[in-house]
Amino acid sequence: MASGIFNGLLYYILFVYLASSFVGLQTFVQGRFLLVSKPDPDNAAATARWLVSQSSWGTLSTISSDFGGAPFGNVVSFSDGPPSKGQGTPYFYLTTLDPTAKYAISDERASFTLSEYPIGTCGKIDPENPTCAKITLIGKLKQVEPNSKEVEFAKTSLFSKHGEMESWPKGHHFRFYKLVIENIFLIDWFGGPKPLTVDQYLHLKPNEITSII
């Protein structure tokens, strides 16, 4: 029995090694692969893009028309692109039956917050520890133009990452949305938020992009 367990473990290790070599994966965290390791915290743009590309959900906040204009945060799934083709802009699949999309009709101002903690790379430190990266993207929540190339990109991006979405009720009139980013708030180390412009975030050098997504 012991030899059977040993052989099974050996085959498992071999599988992980071969899989990593085949698809270029480098990190195995909490039972799943990450495409790459976390970038150096000094590289704010790479860290921000890594965090967005590796995450699958976050808190999308809009301005509530039901609660006197109070911020309303809602947990939503998202994607910034198909596997290995993330572009940094978060896309969402929303219905106006839900408050988030409904509020965006009257006030497009929104923010989207992500934490590194759910990815599993923060170890045992508290999620609020500055070395456990967190990012808030601030901008406007807009519906993606129907019958456009971008809506096809949004569809591919979301359905490849969240397969269940494709079977959600058609009668609920889900539509594709995006956050048009205007400002970025990133903390990935001690010393406060990192200076990072939208242009720096969206337009990394080609070698930096391929190294993180």
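The values are calculated or read from the model by the stated rules, or taken from the named source; none is laboratory data. Bear in mind the structure is a predicted one, so any value in this text is a computation, not a measurement. Glycine gets a Cβ as well: all are built from the backbone with ideal geometry, and neighbour counts include every protein chain shown. Protein only, heavy atoms only, side chains kept; ligands, DNA and RNA dropped before computing areas. Shrake-Rupley method; radii C 1.70, N 1.55, O 1.52, S 1.80 Å.
What pairs come out if I take residues in region 153-182 that are closer than 14 Å to Asp98 by Cα and pair them with residues that are assigned to a loop (DSSP other than H, G, I, E, B) and open to solvent by 50 Å² or more (accessible area, probe 1.4 Å) whose C-beta lies under 6 Å away, six or more apart or interchain?
Sorted first by the residue in region 153-182, then by its partner, the pairs are His172/Leu97; Phe174/Trp168.
Considering only region 167-181, I want to know if a residue exists there that is assigned to a loop (DSSP other than H, G, I, E, B), open to solvent by less than 40 Å² (accessible area, probe 1.4 Å), among the hydroxyl-bearing types (Ser, Thr, Tyr) and modelled with pLDDT of 95 or more.
no
Out of the residues in region 100-130 meeting the condition of being part of a helix (DSSP H, G or I), open to solvent by less than 30 Å² (accessible area, probe 1.4 Å) and not hydroxyl-bearing (Ser, Thr, Tyr), tell me which one is nearest to Asn183 (Cα to Cα).
The first filter runs over region 100-130 and keeps only residues part of a helix (DSSP H, G or I), leaving 100-106, 117-119.
Filter once more, so that each one left must be open to solvent by less than 30 Å² (accessible area, probe 1.4 Å): 100-101, 103-104, 119.
Now drop any that are not not hydroxyl-bearing (Ser, Thr, Tyr), which leaves 101, 104, 119.
Values: Ala101: 20, Ala104: 18, Ile119: 23 Å.
Within region 100-130, the match that is nearest to Asn183 (Cα to Cα) is Ala104.
Among the numbered criteria (1) assigned to a loop (DSSP other than H, G, I, E, B); (2) hydrophobic (A, V, I, L, M, F, W, C); (3) closer than 14 Å to Leu94 by Cβ, which single criterion is violated by Leu196?
(3)
Condition test on Gly86, is it within 19 Å of Glu150 (Cβ to Cβ) and at pLDDT below 95? Steps first, please.
Details: within 19 Å of Glu150 (Cβ to Cβ): yes; at pLDDT below 95: yes.
So Gly86 passes the test.
Of the conditions (1) hydrophobic (A, V, I, L, M, F, W, C); (2) at pLDDT 50 or above; (3) open to solvent by 50 Å² or more (accessible area, probe 1.4 Å); (4) over 27 Å from Lys161 (Cα atoms), Ala70 clears all except one; give me its number.
(3)
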